[in-house]
Structures are given as structure tokens and as C-alpha cells.
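Worksheet for the structure shown next.
The values are calculated or read from the model by the stated rules, or taken from the named source; none is laboratory data. Owing to the predicted nature of the structure, the values given are computational and were not obtained by experimental measurement. Note: ideal-geometry Cβ built from the backbone for every residue, glycine included; neighbour counts use all protein chains shown. With ligands, DNA and RNA removed, areas are computed over all heavy atoms of the protein, side chains included. Shrake-Rupley method; radii C 1.70, N 1.55, O 1.52, S 1.80 Å.
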Amino acid sequence: MAAIPDKPSLDGIESHWDGVWSQEATYGFDRSAHREQVFAIDTPPPTVSGSLHMGHVFSYTHTDTIARYQRMRGKDVFYPMGWDDNGLPTERRVQNYFGVRCDPAVAYQPDFQPPFRGDPPKDHQSVSISRPNFIELCNELTHQDEKVFEDLFRRLGLSVDWSLLYTTIEERSRRISQQAFLRNLARGEAYTQEAPTLWDVDFQTAVAQAELEDRERPGAYHQVAFARTDGDGDVIIDTTRPVLIAACVALVAHPDDERYKPLFGTTVRTPLYGVDVPVLAHPLAQPDKGTGIAMICTFGDLTDVIWWRELNLPTRAIMDRAGRIVMTPPAGITTDAGLAAFAAIAGAKINQAQNTVVDALRTSGTLIGDPRPIVHPVKFYEKGERPLEIVTSRQWYIRNGGRDGDLRTSLLERGRQLQWHPDHMRHRYSNWVEGLNGDWLISRQRFFGVPIPVWYQLDSSGEPNYSDPIIPDESSLPIDPSTDVPAGYTSDQRDRPGGFSGDPDVMDTWATSSLSPQIAGRWGDDDDLFTRVFPMDMRPQGHDIIRTWLFSTVVRAHFEHDSLPWSNTSLSGWILDPDRKKMSKSKGNVVTPMDLFETFGSDAVRYWAASARPGVDTAFSEDQMKVGRKLAMKLLNASKFVLSFPVPPSGATPTHAIDVAMLDRIAETVREATRAFEEFDYARALERTETTFWWFCDDYVELVKGRAYNSQGDDAAASALVAMRIALSALQRLFAPFMPFTTETVWRWWNESSIHLAAWPDSQVLAASSSDIPVSMLDVAGDILGQIRRAKTEAKTSQRTPVARARVHCDPPTRAIFTAVRSDLTEAGSVQEWILIEEPADTPVLVEVELAPST
RNA sequence: GGGCGCAUAGCUCAGUUGGCUAGAGCGCUUCCCUUACAAGGAAGAUGUCGGGGGUUCGAGUCCCUCUGCGCCCACCA
């Protein structure tokens with residue numbers, strides 16, 4: 001136990017207690033606990049290639065309050081931390097930092113040293129290195145970042161068990177990711193297919209539906225005439241992308257559209273290129289869009305893909321993977337004029353080609369009128385800078401119900417089984433699942449990540465056999481097919497006819513992070529641990545990644561374990577700047593968490609975070625942090641005050657009615673806070689606790705402190721002393737999840753072990769002796785005291801001024817209560833004489849205060 | 001177009017099965033260095049609870065409807 005200082009202070013408590021908690025392993029997970037004793041949290045692994053910001057502080061605090069509550073409830077809390085160092089952000093950061101580039105074709109170098117460690121000169125040409133070397137550099141670099149992250153999270157007071165740390169590119173994660181994938185493959189849940197795919201031309205990789213976002217971009221409608229091949233006039237279509245006319249394979253209108261019904265089955269000739277294409281009917285064509293008849297290109301958008309598939313149309317791709325027009329004209333262009341028109345755009349970038357085509361259309365007279373500028377939403381990869389194109393490529397998919405009604409129904413049911421906090425967030429899940437239009441594309445044409453763990457046999461002409469991949473044994477995982485050699489082959493057979501070839505792709509980062517419960521729980525390496533923590537109890541995360549992280553985790557657990565990955569999920573809101581805009585670096589309004597910890601103290605920052613209701617977007621507010629600091633100071637001072645009284649004799653119990661009634665109110669607060677925490681509503685628990693605490697300090701303690709000083713005899717004092725200590729103990733523990741540093745400080749003034757391992761207060765015990773005490777006693781006492789204070793304030797005099805006479809008008813029941821608290825009121829109000837005046841029933845208490853003349 | 005959320009004091013927000021004479025904090029005003037706390041404390045002012053209808057003895061709370069704001073999803077020729 002620590003001595004109570006004369007001037008309690010919050011300075012330095014964070015580093016002090018962090019050290020003590022580490023030393024005492026306060027938050028260590030006891031892996032002998034059985035599943036029902038465990039509370040397991042699937043912590044979101046932050047991306048280490050950025051920096052932690054207020055959004056992290058905000059949402060991780062929410063989770064930590066729940067973790068601490070559960071721990072005090074006696075649960076063995078499994079609270080790991082992970083670092084997400086897999087994926088594009090890390091790839092970029094490692095490239096820039098070391099001046100290297102990942103190239104799976106390069107052989108592994110055991111003692112490789114990068115050309116730079118930080119700040120390569122601008123003219124430096126990146127050195128190509130193998131994927132295993134790249135992963136080693138990633139580990140080296142992210143270790144530095146991870147140290148900074150860990151320091152910040154410790155300073156924030158997260159009760160994480162740091163021995164459970166994982167990273168998403170480490171060996172175990174790669175193993176689990178590959179193992180889960182191979183099991184998906186074996187069960188037919190993963191498959192490879194060549195198909196049109198959304199494609200980022202800068203990153204040159206396929207992207208998944210979940211990673212799309214719409215951005216408003218200027219464009220223009222162009223009316224273009226297609227000549228009917230029967231010579232009977234033109235068909236006018238509207239398009240924003242005339243550049244794709246060379247890729248046009250048909251026109252399409254709605255089957256019921258009377259304007260175009262006569263044309264169905266006929267052909268029209270494309271302007272410039274002179275290719276005959278059919279006019280077809282399909283219900284997806286919208287009569288009220290443009291001219292009501294559209295050109296189908298391979299591929300302008302996802303609707304084109306649907307039409308192409310359902311109408312069995314040919315492919316005339318004109319876009320390469322870097323976003324340029326291909327050099328070779330597509331099939332169908334045969335006339336000299338057509339070939340010349342195509343030659344004019346071959347090799348050009350999309351925008352240039354578009355201008356060329358528009359000019360040519362105008363010259364040829366097939367552009368009707370002027371283009372009409374519009375602003376319309378265009379699909380982008382969320383990390384990308386240019387609009388997505390659609391190219392045909394071979395990719396790996398995991399089934400997610402996008403193409404299978406039964407699976408979709410099962411996954412929707414999983415969403416219903418999950419407890420959502422707040423509940424309305426479940427709609428985002430069902431909305432997303434119901435809107436899926438394809439399976440989950442997991443392969444990426446990148447170089448850094450978890451490799452797709454398969455090879456392909458090459459036939460005598462060197463063509464891969466995709467239908468029967470070569471699968472590694474699970475015991476050999478993780479593997480890198482670009483450097484590892486499949487069983488039964490030798491390395492000199494790589495990429496040779498009759499030999500083998502490794503799959504060049506990596507899995508999308510979500511394909512690994514969707515296994516975070518399995519990774520954190522060490523599935524497959526420590527199944528004893530895994531069975532003690534899985535399915536987990538809680539998945540905290542942002543609501544923006546329901547469609548990615550949450551959904552994909554549900555999919556993987558559904559397939560692998562036939563269960564939900566966790567029973568509850570809690571969704572955090574966004575941090576908004578004080579102008580209610582989402583905070584962003586570009587606006588320069590980002591405050592670093594460490595500055596705030598230093599200014600206000602970690603507990604004050606946590607107080608701000610914990611004051612926000614679950615799932616609600618919340619304004620950044622230093623005012624709230626000031627309030628939090630004030631509360632922490634109050635907790636120090638109130639604790640010091642209560643504990644500075646003599647320890648009551650052992651066996652003493654609260655006997656005074658007011659003391660018992662006070663404890664009853666504390667008990668009610670415990671009930672409310674407990675109920676709120678059981679529903680993951682940390683904010684309500686805090687609010688109730690805080691309200692009661694201020695009442696305890698301002699009203700109750702003020703009322704009884706005279707008696708506690710022994711003004712009314714030993715027994716009367718003992719009742720107050722015992723009651724104050726019982727209440728203080730409960731209040732300190734109620735605050736412990738929110739203000740771990742301050743509460744630990746005050747708790748250790750009178751306890752040997754950590755408050756964070758103490759039992760959550762028990763409302764039954766607190767309220768044990770409160771059977772027949774009128775709850776209204778506290779209100780009556782507060783009311784009378786309040787009226788006396790007001791009289792002194794109105795007289796503009798000190799609260800210490802004695803009251804010569806107080807006439808209390810009250811009804812008979814109130815009179816009885818008054819009598820019970822009269823002695824305490826006498827001291828609290830410095831009242832020299834009371835005069836009771838009886839009023840009819842239900843009359844509000846009225847106190848006429850006659851102040852003593854000032855001396 | 002479909003879905004969800006929000007609208008309560010100048011600001012940020014509580015208000016959980018309908019019982020409120022509508023609350024808190026910040027800010028504002030006044031007073032007090034009262035020996036736990038001046039990075040305090042005591043007290044005070046401020047609201048047609050977005051509009052309209054309905055159910056009810058009683059509606060900020062339930063139902064319908066309208067308006068405004070935000071988010072998610074879909075469409076995007």
C-alpha cells in the first residue's frame with residue numbers, strides 16, 4: 001500500500017502503473033481457464049504503416065472498458081493485440097524506406113542487406129528482391145513502428161496481454177491463412193476462374209466488390225449514330241465512353257420498348273470501325289436512360305458484363321492492364337477505314353483515346369449535337385486514383401453467397417445470430433449480403449502478401465493446368481510457391497514445359513485478417529488454447545468495415561467451424577472534428593494522442609472516449625477531456641478525504657438511516673452500470689457512476705462529515721465511516737474500467753493488490769441492510785440543505801455563515817425523515833435553531849432561513 | 001431507388017418497458033480562498049423536446065405523416 005500524499009497528483013501515474021502491471025502480469029491470460037470462464041476479444045489489428053490517431057484512441061478505449069469490466073466480473077479475459085503489416089500500405093512503406101521492390105521471380109538471398117535504411121535518394125532505382133527477403137524487411141521496419149504503437153496503447157492504458165501479440169504477415173499468420181485457403185479449396189469453397197474483373201490500372205491488380213467506392217467525376221453524354229445495316233436510317237445511342245465503340249459487341253433495349261421492338265434481331269454498323277453488331281433485348285436495359293438503347297462493350301461497366309454473359313456475346317477487349325488501348329485491333333474490325341480508325345487510338349491512354357474518338361465521330365458526322373457535360377459517380381478502388389476498368393483475367397474466389405442463394409441465406413442467418421451493439425448496425429450487414437453480385441475475389445496481382453499456396457503442372461507446351469493445382473502438404477505451410485518447389489519436382493523444372501509453375505498471386509489482406517480469431521487463438525498450432533477462446537465473445541470494429549472485415553470473418557468461420565466467429569460485435573463511431581466533419585490529415589486538424597495524454601492525462605482522454613455512446617459519431621472535444629481530468633482529480637481528493645478518517649472499529653456496520661439509504665443508492669448505481677456493461681453500453685455505465693459519485697461527494701459527504709468527525713458520538717461516527725468506506729470502495733471499482741490509472745492510484749492507498757483484479761461491486765451486498773429505508777430520505781435532506789445553501793448564496797455570503805433560525809415547513813411524513821437527519825443537517829448547514837412547522841400532506845418542503853448577523 | 005440513423009437549452013449530448021414540474025456538462029451570470037479538492041466549491045438564467053396528426057387519464061418517450069441532416073447499399077447508357 002502506498003501512503004496517501006498531502007497533495008494527490010495525476011502526474012506520472014501512467015508510466016508508473018504500466019510498469020507495475022507489467023511486473024505483476026495483471027492482464028495476463030490464464031490459459032487453464034475453461035471456455036465458459038473466458039471472455040475473448042478479437043481485437044482489430046491496426047495497420048502499422050500509418051500512425052495511431054484519435055480514432056484508435058476512441059474505439060480501443062471502448063473495448064478496453066468492456067475488457068476491464070469482464071475481468072472484474074471474474075472472467076479470464078483473452079485480450080490480444082495484433083499488428084496488420086500485410087498488404088498494400090506496408091508494401092509501399094517498405095519500398096520507400098529501403099529502396100527495394102518485391103519481385104517473386106528473384107531468388108531468396110539469405111544475407112541480404114537493403115541499399116538504404118530510410119530516405120533513399122529520389123533518383124535511386126529500386127532493387128528487386130525476393131518475396132521472403134521483402135517479408136524480412138517488412139518485419140524489420142514494422143518492428144520499429146510497432147514499438148511506437150505499443151507505447152501509445154500502454155500509455156492509453158489498454159489492458160492487453162502483450163504476450164499474445166501477433167502480426168498478419170508473420171509465419172503463423174501465413175500458415176493459418178494458407179491452411180484455411182487450402183481447406184476452402186478442398187471443400188470447393190475456393191475456386192479459380194477466368195472472368196471479367198474490376199481492375200485498377202495503376203496498381204495493376206484485381207480488386208473486390210468490397211473495396212470499391214463511388215466518386216463523383218465529370219463526364220459527358222455523347223449521342224452517337226449507329227447505321228442500320230438494312231439502310232433504313234440510324235439508331236442513336238447515348239454514351240459517356242465513346243472510346244469504347246471499338247469494343248462494342250451489341251446494342252440493347254428493353255424487350256417491351258415499342259420504339260426498338262422492330263429492331264430486335266437486326267444489325268447495326270458501328271461508327272468509325274464499321275463492325276456489324278446485333279440489336280438485342282434485355283430487361284436490364286432502361287427505357288428512360290439516355291435514348292433508351294445502349295451499346296454493350298467488353299467491358300465498360302458491370303452491366304456490360306451481365307449482358308455479355310447472359311446474351312452470350314463475343315469479347316472484343318481493347319484495354320490492356322495498364323489502362324492503354326491495345327495495339328492489336330479486336331476481331332471484327334476488317335475494313336481499311338476501320339483499321340485506320342483503330343490505329344489512331346492504339347497504344348493511347350484512355351483519356352487521349354477518348355478525345356481522338358470524339359474528334360473522329362464529329363468529323364464523320366456520327367456525333368449528334370454537342371456532348372452534354374454531367375457529373376456522375378464512377379467506381380474507384382478505395383486506395384486508387386484512377387477509375388476502375390474491367391479486364392478479363394484468371395482469379396481466385398471464395399464463395400460468399402454472391403452467386404449461391406442457399407449460402408447467402410445461411411450467411412444472413414449468421415448475421416441474425418450475432419448480437420450487434422448497437423443493434424441497428426445489423427442492417428448494414430444484411431444490406432450488404434443481400435446486395436452481393438459475385439463471389440469474393442481474393443487474389444491480387446501484387447508481390448507482397450500471403451502467397452496463394454498452389455503450383456500448376458505445365459503441359460508439354462508449357463500451358464498451366466489450372467483445373468488440378470498442385471497442393472502442398474499442410475505440415476509444410478507456410479510456403480511461397482515462387483521459391484518453394486512442390487513435392488515430386490526439382491527446382492530446375494520451374495516454368496519449364498512438363499514442369500511446374502507457382503501461382504504468382506498473393507491473397508488480399510482481408511483473406512488473412514478474416515482469420516484474426518484463428519490467428520490470435522493459434523488455431524492449428526495450439527488447439528488447446530483455441531478451444532478455450534473460440535468462438536470468441538466480442539469483435540469490436542468500425543462500422544465502415546462491416547462489409548469487409550466483419551463479413552469475411554463470418555464467412556471463414558462459417559466454412560471452417562460451422563459457427564459464428566464471436567457472439568457479439570460492437571461498432572464504434574467516427575471521430576469528427578468540432579465542425580462535425582470527419583477528421584482528416586489533409587485538413588490539418590489531427591491532434592496527436594500523445595500530446596493529449598500529456599496535457600490532460602490518459603484517464604481524461606479515456607473519459608472523453610467513454611462518454612460517447614456505442615456506434616455514435618462523436619465530436620473531438622478537449623472540453624470533455626477537461627471534465628475528465630476534473631473528475632480524476634475529484635476522485636483523488638474524495639478518496640484521500642474518506643481515507644483520512646480513522647478506520648472504523650471492525651464489525652461496525654452502517655446503522656444510521658441516511659448512511660444505509662446512501663448505500664442503497666450506490667447499489668442501484670451498481671445494478672444500472674452492470675446492466676449497461678452487459679449490453680456493451682460502457683457510456684451509460686460511466687454516466688450513472690459519475691452522477692452518483694458527484695452526488696456522493698457534494699451532498700452525502702457534506703451532510704455526514706460532521707458526524708464522521710465524531711460530533712455525535714462513536715457509534716454515530718462509526719456508521720458514517722463504515723458507509724463512506726463501503727461506498728468509496730464501490731465507486732472506485734465502478735470507475736476502474738474508465739480511469740484505470742487514477743483508480744489504481746487511489747485503490748492502492750488502502751489495498752494491497754490491483755483494483756483491476758478486484759471483484760466488481762455487488763449490489764446485493766451493498767443493499768443488504770436497506771430493507772425499510774425510505775429512498776426519499778436522501779432527497780429530503782438534499783432539498784433542505786440546498787435551500788439553506790441557496791439562501792446563503794442569495795445573501796452573497798459565505799457558506800460557512802451560521803443560520804440563526806431555520807423554519808422548516810413540511811408534511812408529517814417528511815417531518816419524520818427530517819428528524820432522522822436533523823443532526824447531520826445541523827452541522828452541514830451550520831444551523832443554530834430549527835423550527836418545524838407542520839403543513840398538509842404533499843406540501844413541498846420549504847425552508848425559511850434566517851442568517852446569523854455577520855460578526 | 002432500397003435501408004438505417006439523427007433532430008431535446010448558445011454548444012455537445014443524457015433522457016431504457018409512456019408518469020417530467022424536461023436534465024447534465026461546457027459556455028454564460030452571481031457569490032465563496034468553507035481546514036478533501038481554486039486545474040476548486042455553492043447557486044442562477046436559458047427549451048412551443050424539428051412540423052402536423054393520432055392512441056392514452058397522461059407522449060420528449062408509442063403509431064402515422066411531413067421536413068431537414070448524416071450514413072450504408074444499389075443504379076450510374
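In the context of the full set of protein chains, residues of segment A:513-557 present 21 Å² of accessible surface per residue (probe radius 1.4 Å, heavy atoms only).
A Förster radius of 56 Å, combined with the Cβ-Cβ distance separating A:Asp528 from A:Arg394, puts the computed FRET efficiency at roughly 0.90.
Under the criterion of Cα pairs below 8 Å and six or more residues apart, the relative contact order for chain A equals 14 percent.
As a length-normalised measure over Cα pairs under 8 Å and 6 or more apart, the relative contact order of segment A:65-147 settles at 30 percent. With respect to chain A, whose longest principal axis is taken over its alpha-carbon atoms, helix A:812-828 is tilted by about 90°. Which residues does the label zone of A:Tyr709 cover in segment A:823-849, counting backbone N under 11 Å from a point 7 Å along Cα→Cβ? Counting only backbone N, you get A:827-828, A:830. Calculated accessible area for segment A:247-404 comes out at 47 Å² per residue, all protein chains present (probe 1.4 Å; ligands, DNA, RNA ignored).
Projected label points at A:Arg800 and A:Arg386, each 7 Å from Cα along the beta carbon direction, are separated by 7.9 nanometres. The accessible area of A:Lys379, taken with all protein chains in place and a 1.4 Å probe, comes to roughly 80 Å². Once the chain from A:Ala25 to A:Asp256 is taken as fully extended at 0.36 nm per residue, the excess over their C-alpha distance is 75.9 nm.
When Rg and Dmax are taken over the Cα atoms of chain A, they come to 35.6, 115 Å. Beyond 16 Å, what percent of the Cα pairs of segment A:26-81 remain? Summing the P(r) tail past 16 Å for segment A:26-81 gives 46 percent. The Cα trace of segment A:151-282 gives Rg and Dmax of 26.1, 79 Å, the first to one decimal, the second as a whole number.
Considering all C-alpha pairs of segment A:670-760, those separated by over 20 Å amount to 43%.
The residues of segment A:666-705 expose on average 35 square angstrom of accessible surface per residue, using a 1.4 Å probe on protein heavy atoms. Over all orientations, segment A:1-130 has a Cα convex hull whose mean projected area works out to 14.2 square nanometres. With the simple spin-label model, which puts each label point 7 Å out from Cα in the Cβ direction, the A:Asp406 to A:Lys630 separation comes to 6.3 nm. Beta-bridge orientation, chain A: approximately 65 percent antiparallel, per DSSP, counting only bridges with both partners inside. Full extension of the chain between A:Asp336 and A:Ser32 gives 101.5 nm of extra length, using 0.36 nm per residue less the Cα-Cα distance. Using C-alpha pairs below 8 Å separated by at least 6 residues, the relative contact order for segment A:501-562 is 44 percent.
Taking all C-alpha pairs of segment A:804-855, those more than 18 Å from each other amount to 30 percent. Only protein atoms count toward the accessible area here, which uses a 1.4 Å probe; on chain A, the carbon and sulfur part of that area reaches 50 percent. Multiplying the residue separation of A:Lys7 and A:Thr267 by 0.36 nm and subtracting their alpha-carbon distance yields 84.5 nm.
Using alpha carbon centroids, what distance separates segment A:796-855 and segment A:311-330, in Å? That distance is 92 Å. For the residue pairs A:Lys147/A:Lys379; A:Lys147/A:Lys640; A:Lys75/A:Lys383; A:Lys75/A:Lys626; A:Lys289/A:Lys379; A:Lys626/A:Lys705, alpha carbon separations beyond 30 Å are given by A:Lys147/A:Lys379; A:Lys147/A:Lys640; A:Lys75/A:Lys383; A:Lys75/A:Lys626. With R₀ fixed at 56 Å, the C-beta to C-beta distance from A:Gln144 to A:Leu643 puts the FRET efficiency at about 0.80.
Between the C-alpha center of segment A:490-542 and that of segment A:129-163 there is a gap of 19 Å. The HN-Hα couplings worked out from phi for segment A:256-273 by the Karplus form 6.51 cos²θ - 1.76 cosθ + 1.60 (θ = phi - 60°) are 9, 7, 4, 5, 10, 3, x, 8, 4, x, 8, 10, 10, 10, 5, x, 6, 9 Hz, whole numbers, x standing for Gly and Pro.
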